[in-house]
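The structure appears right after this line, and notes come after that.
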Amino acid sequence: MSEPALLGWSRWRRAWWFHAMYYAQTWRGSVVSSVLLPLGYLGALGVGVGHLVAKHTGLVDGQTYLHFIAPSLLATTAFQLGEGESLWPVLAAVKWTRSYHAAVTTPLEPRDVLVGKLAWVATRAIAIGVFYTLIIAAVGAARSWWVLTLPLLSALVSLAFAAPLVAYAAHVDSDLSFPLIYRFGFVPMFLFSATFYPVSAYPGWLRPVVQFVPLYHGVALIRAACLGGSLAPALAHLAVLAVLAGGGFAWGQVTLRRRLID
Amino acid sequence: MSTSSDSVPVVRARGVTKRFGEFEAVRGVDFAIAPGESFGFLGPNGAGKTSTMRMVSAVSTPTSGSLTIFGLDPAIHGPEIRGRLGVVPQEDTFDLDLSLRLNLEMFGRYYDLPRTTIRERTTELLEFAHLSDRAEDKVDNLSGGMKRRLTIARALINRPELLILDEPTTGLDPQARHLLWERLYRLKRDGVTLIITTHYMDEAEQLCDRLVVMDHGRIVAEGAPRQLIADHASREVLELRLGSEHHDEVADQLGSFAERLEVLPDRVLLYVDSADDTLARLHQAGWRPERTLQRRSSLEDVFLRLTGRTLEE
């Protein structure tokens, strides 16, 4: 019956299993958002707009337009996975269905619930990363051996958003702020993180603002891994994402604990 | 199944408090629950029952005092303790999009049970809850009573030694309540220790070997239901509705007819040895109450005596 204390570290896997089981029941909708939609963008923008770009300006940052935006689509898909798993689903679990409250009446601790959740987000992000690595290679945008790290970078980008957003959702009492976060946070971030055109296309005064946006670092990091580039900026992007993920995780431990057991 | 009273208590609390900021929800409670016992917490909303349950479930930790569950300290052995008990929370906490079966199986995972065990027990527990024919339905489609039964079934997936039920039958119709009680008797017979909170006196009288009455975060009485009634109430109660008159004003005049009397907004309760005799004497004295009710004393009367409030307040 009793379990050795040392094995406690692996309890989060039981929470991970819950998400896997749940996903096995409900995966169909995610194919549209994680696969078909980004591929549609890649076709419409990469080929369609790419044709126009080639006619007028030639290359973007030394790349064809298709090669320029292929990495962006992995970054934005990883970002959308991270935020999509985090706001409403977490508030539902702590407030409406209270399924996290049920979980902490079992041997699971709030920390296990949090790690299980984030591990599940990372799992899906890695799967998406593998899939996009193949797409990126297929369209000829894999110019560096660093593409092999894309699945892990995809997980990092997802966690950089999921971790703080899970923490926030576990903290708030209602979902009133969520639509605002979407409208004024996520949508502009999706469009203006040097996703569809390079940062050099912005007026000079706006560039620091763009570089302040978290997703910009995800896009830039993944683009560098595909197309190559110098190491120092890549490490800076990596650090920003790691701080977001780590800080979010620390905050989430506090908010989830407060929500579930006090 | 016999349990010796000298064995280690399943739960022992000494001077346990729980504070939320400025608010002290539980203000120093002491109790010990023996293996196999059905132990009740009776009290109105806000008495501190749920906070006490959450501590006894090893979910929240006491602010001060000492608490042991299975002889272990929940602050250190929380996961181990929770692995040996089952919790039926006040509100149902299911994943509504998943089937009944998956909800139970997923819970079995939380206890790290082997898959074959989970599958066997899920089938068995759906049977126990009278829900086998709904196994593949979404939980969302169940009635309130069915969800409560499923909650109890889920709480049994790890074969707990201690089952903690917080207001298990609130909101259920009488038939659903009786079905639930019957399931709880079966568990009790199998030697499971039960802790039950309720604000229904009949439930407490039916299910509990022993109970405590809580009010404002404190335990104000403890004992077997019949003993509490004997100690704190008369044998019978005569309830009078006097119509248009103000109950307060007549209280003085009625005082001589009863051992004790309680004036409620809509009626007066006379605590007496024989309600029949008292009613006859009232009639002789010229009283003509609009309606009368004669009954045996209940835990409700004990509660009223101890706290000055009715349970519904």
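Each value in this text was obtained by applying a stated rule to the coordinates, not by laboratory testing. It should be emphasised that the depicted structure is a prediction, and the values quoted were computed from it without experimental measurement. So basically every Cβ, Gly included, is an ideal-geometry build from the backbone, and we count neighbours across all protein chains shown.
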- Query: Does anyone have the angle between helix B:100-110 and the longest principal axis of chain B? Alpha-carbon axes, 0 to 90°, nearest 10?
  - Reply: 70 degrees
- How many nm is it between the label spots at A:ILE181 and A:SER30, if each spot is 7 Å from the Cα in line with the beta carbon? 1.9 nm
- Dipole axis of region B:80-222 (+1 Lys, Arg; -1 Asp, Glu on Cβ), positive-most option in B:ILE196, B:LEU163, B:PHE94: B:LEU163
- Entries in A:LYS95/B:LYS147; B:LYS18/B:LYS147; B:LYS138/B:LYS188 that, when Cα-Cα distance is taken, lie over 21 Å: B:LYS18/B:LYS147; B:LYS138/B:LYS188
- Message: Can you show me the helix-derived [θ] at 222 nm for chain B, built from DSSP H runs with n ≥ 4 at -39,500 (n - 2.57) apiece and divided by the number of residues, rounded to the nearest 500.
- Response: -10500 deg cm²/dmol
- Query: How big is the charge dipole of region A:71-261 about its Cα centre, in debye rounded to the nearest 20, if each Lys and Arg gets +1 on its Cβ and each Asp and Glu gets -1 on its Cβ?
  - Reply: 60 debye
- Per the Cauchy relation, a quarter of the hull surface: what is the mean projected area of the convex hull of the alpha carbons in the protein assembly as shown, in nm²? 34.3 nm²
- Task: Quick one: which residues, 5 or more positions from B:SER297 or on another chain, have an amide H under 5 Å from its amide H? H modelled 1.01 Å from N in the peptide plane, none for Pro or chain starts.
- Result: B:GLU236, B:VAL237
- Task: Please identify which residues in region A:209-250 have an amide N closer than 16 Å to a label point set 7 Å out from the Cα of A:ASP262, following the Cα→Cβ vector.
- Result: A:250
- region A:1-102: chymotrypsin sites (Phe, Trp or Tyr not before Pro) in DSSP loop, at most 12 other beta carbons within 10 Å: A:TRP27
- Farthest positive-ward along the protein assembly as shown dipole, Cα basis, beta-carbon charges - from A:LEU227, A:ALA125, B:LEU306: A:LEU227
- Message: If you fit an axis through the alpha-carbon atoms of helix B:174-189 and take the longest principal axis of the Cα set of chain B, what angle between them do you get, 0 to 90°, nearest 10?
- Response: 60 degrees
- Message: If you average the C-alpha positions of region B:129-161 and of region B:1-76 separately, how far apart do those two centres end up, in angstrom?
- Response: 27 Å
- Inter-chain shielding of B:102-111 (mean C-beta neighbours from other protein chains, 10 Å cut-off): 6
- Query: Once label points are set 7 Å from the Cα along Cα→Cβ at both B:GLN175 and A:LYS55, what is their separation, rounded to one decimal in nm?
  - Reply: 7.4 nm
- Karplus couplings for region B:276-289 from phi (6.51 cos²θ - 1.76 cosθ + 1.60, θ = phi - 60°), rounded to Hz, Gly and Pro as x? 4, 4, 5, 5, 4, 5, 5, 4, 4, 7, x, 6, 10, x
- Message: I'd like the distance between the alpha-carbon centres of region A:90-135 and region A:245-262, rounded to an integer number of Å.
- Response: 13 Å
- Can you give the helix-only mean residue ellipticity at 222 nm for chain A, where every DSSP H stretch with n ≥ 4 adds -39500 (n - 2.57) and the sum goes over all residues, rounded to the nearest 500 deg cm²/dmol? -20500 deg cm²/dmol
- Query: If you bin every alpha carbon distance in chain B into 10 Å steps from zero, what whole percent lands in each bin?
  - Reply: 6, 24, 28, 22, 13, 6, 2, 0
- Options B:LEU240, A:ALA102, A:LEU59, ranked by Cα towards positive dipole end of the protein assembly as shown, top entry (Cβ charges): A:LEU59
- Task: Specify the angular offset, from 0 to 90 degrees and rounded to the nearest 10, of the alpha carbon long axis of helix A:150-171 from the longest principal axis of the alpha carbons in chain A.
- Result: 50 degrees
- Query: Which whole number gives the average count of other chain Cβ atoms within 10 Å of the Cβ atoms across peptide B:74-87?
  - Reply: 4
- Could you give log10 I(q)/I(0) at q = 0.10, 0.19 Å⁻¹ for region A:71-261, computed by the Debye formula over C-alpha point scatterers of equal weight, without solvent? -0.42, -1.24
- Which cross-chain or sequence-distant (5 or more) residues have an amide H under 5 Å from the amide H of B:VAL88, H modelled 1.01 Å from N in plane? B:ILE164, B:LEU165, B:ASP166
- Message: So if I place +1 on the C-beta of Lys and Arg and -1 on the C-beta of Asp and Glu, and nothing else carries charge, what would the dipole magnitude of region B:88-130 be about its Cα centre? I want it in debye, nearest 20.
- Response: 220 debye
